[in-house]
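Inspection log for the structure reproduced underneath, given as structure tokens.
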Amino acid sequence: MSKEELDARAMKALMGIASAWYDQMKGGEIPSISLPTRTKYNIEYDDASEVWKYGDKESLRTAATAKTATHLLKMAYVIGFVKTQLRENRSSTLREMYYISEGWKRAKFGAQDESNFLVEDLEIISDVPREGFHLRPEENGASVYGPMRIREPTRRGPKLIHCQDDVGEAGYSIPNNVENLELVDHDAKFLIAMETGGMYDRLIENGFDEEYNAILLHLKGQPARSSRRLLNRISQTWNLPIVVFTDGDPWSYRIYASVAYGAIKSAHMSELLATPKAQFLGLQPSDIRDYNLPSDKLSDKDVEALNAELTDPRFATEYWKKQINLQLELGLKSEQQAFAARGLDFVTKKYLPARLSEMGII
């Protein structure tokens, strides 16, 4: 979808929300909106798209009380703000919109989380991603390095970039909006997405990308939407195997879940942001045991998080049940860099080749 088409779709959808409120009031009804309940108990696996989406449970928000009426008022102001951005072809960050709301009197936001949540509401109702509203996060996505070529728009026209030969050691910086990127071609056998910058740098320095024809992507912790969208597009366009390499703790497993299954709070965008073919490479709890890795004891919050994942439908597979229960039994967690205890080349010469071979990737 072109930028012009997305802009038109966003404008039509937002004006449709306002028009529905007007019709409700004209008919003597209290303005309201209906939204799916955003919890892990209301996400369901969709066989057709192979992603997790919201289920049938919904909550109704009306203007029947001062509190709920204020919520709809804030939404109306955001719709007006986005409408102006679309007409003027301007954009802003979510943080900037939060500060701009200071001039909205009773409609101003009390906290950044509140404005973020409301934007998610609008995405759900309109079926338009926030990029279509010209709203962007404060930070860009992370970086990608490897044998692939892309074409991106610049002020001087389209530019062709090889993500090994035409970039420095930091790689190609993933922009906020990857819809305008053209995926031209590649010579890769697979893509490995990594949680930490240290491991990303280690693989580049050790020449892992060249030796195995691998695309390396730094997730930069919990991945930005642009990083997840790029992974989705690479998977859809090139059908490359994609594996995710994180630390061995419950919070890192959720990083993998956001890539492969989609995040609960953005389940309405799972078809665009999730990569259901992505596989979890490690660091597995069994790796902590098998390689006798340096580790730390699980905290009470770690244990609580692991138990929560056992009840999360996205982790309801025999593999995850076995690995999570093993971690609870071991009482340990470990980091990617723990492999360095066996030498700086161990992760690229021993662990990754063995694990990727076991997974049928190489």
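Of note:
- Yes/no for Glu152 being closer than 19 Å to Pro223 by Cα and open to solvent by less than 50 Å² (accessible area, probe 1.4 Å): no
- Close pairs (7 angstrom Cβ cut-off, 6 or more residues apart or separate chains): under 18 Å from Thr196 (Cα atoms) in the stretch 340-353, open to solvent by 20 Å² or more (accessible area, probe 1.4 Å) and outside any helix (DSSP H, G or I) anywhere: Ala341/Pro294; Asp345/Asn206; Thr348/Asn206
- Top-ranked residue of the stretch 308-339 - restricted to ones that are under 23 Å from the mean Cα position of the chain (by Cα) and open to solvent by 50 Å² or more (accessible area, probe 1.4 Å), ranked as nearest to Asn292 (Cα to Cα): Glu335
- Which listed residue is open to solvent by 50 Å² or more (accessible area, probe 1.4 Å), in contact (Cβ under 8 Å) with a residue 60 or more places away in the chain and not aromatic (Phe, Trp, Tyr), from Asn180, Asn239, Asn206: Asn180
- Close pairs from the stretch 217-230: first in contact (Cβ under 8 Å) with a residue 12 or more places away in the chain and surrounded by fewer than 23 Cβ atoms within 10 Å (Cβ to Cβ), partner of a type outside the set (Lys, Arg) and in a strand (DSSP E or B), Cβ under 9 Å, at least 6 apart: Lys220/Ser143
- Of all residues in the stretch 273-297, those satisfying the criterion of being free of Cβ contacts under 8 Å to residues at least 40 places away in the same chain and open to solvent by less than 40 Å² (accessible area, probe 1.4 Å) are Phe280, Gln284.
- All strands (runs of 3 or more DSSP E) inside the stretch 70-162 with 3 or more residues being under 24 Å from Leu272 (Cα atoms): 143-145, 148-152
- Among (1) in contact with a Lys or Arg (Cβ under 9 Å, 6 or more places away or on another chain); (2) surrounded by fewer than 20 Cβ atoms within 10 Å (Cβ to Cβ); (3) under 27 Å from Pro353 (Cα atoms) - the single one Ala214 does not satisfy: (2)
- Among the residues of the stretch 91-149, those identified as among the small types (Gly, Ala, Ser), open to solvent by 40 Å² or more (accessible area, probe 1.4 Å) and farther than 26 Å from His218 by Cβ are Gly103, Gly110, Ala111.
- Taken over the stretch 17-40, the criterion of being within 29 Å of the chain's Cα centre (by Cα), surrounded by 12 or more Cβ atoms within 10 Å (Cβ to Cβ) and at pLDDT below 85 is satisfied by Ile33, Leu35, Pro36, Thr37, Arg38, Thr39, Lys40.
- Unmet criterion (only one of (1) assigned to a helix (DSSP H, G or I); (2) open to solvent by 30 Å² or more (accessible area, probe 1.4 Å)) for Gly360: (1)
- Residues (among the charged types (D, E, K, R) and open to solvent by 50 Å² or more (accessible area, probe 1.4 Å)) located in the stretch 340-356: Arg342, Asp345, Lys349, Lys350
The values are calculated or read from the model by the stated rules, or taken from the named source; none is laboratory data. It should be emphasised that the depicted structure is a prediction, and the values quoted were computed from it without experimental measurement. Because the Cβ atoms are built from the backbone with ideal geometry, glycine has one as well, and the counts that use them run over all protein chains shown. Only protein heavy atoms, including side chains, enter the accessible area calculation; ligands, DNA and RNA are left aside. Shrake-Rupley method; radii C 1.70, N 1.55, O 1.52, S 1.80 Å.
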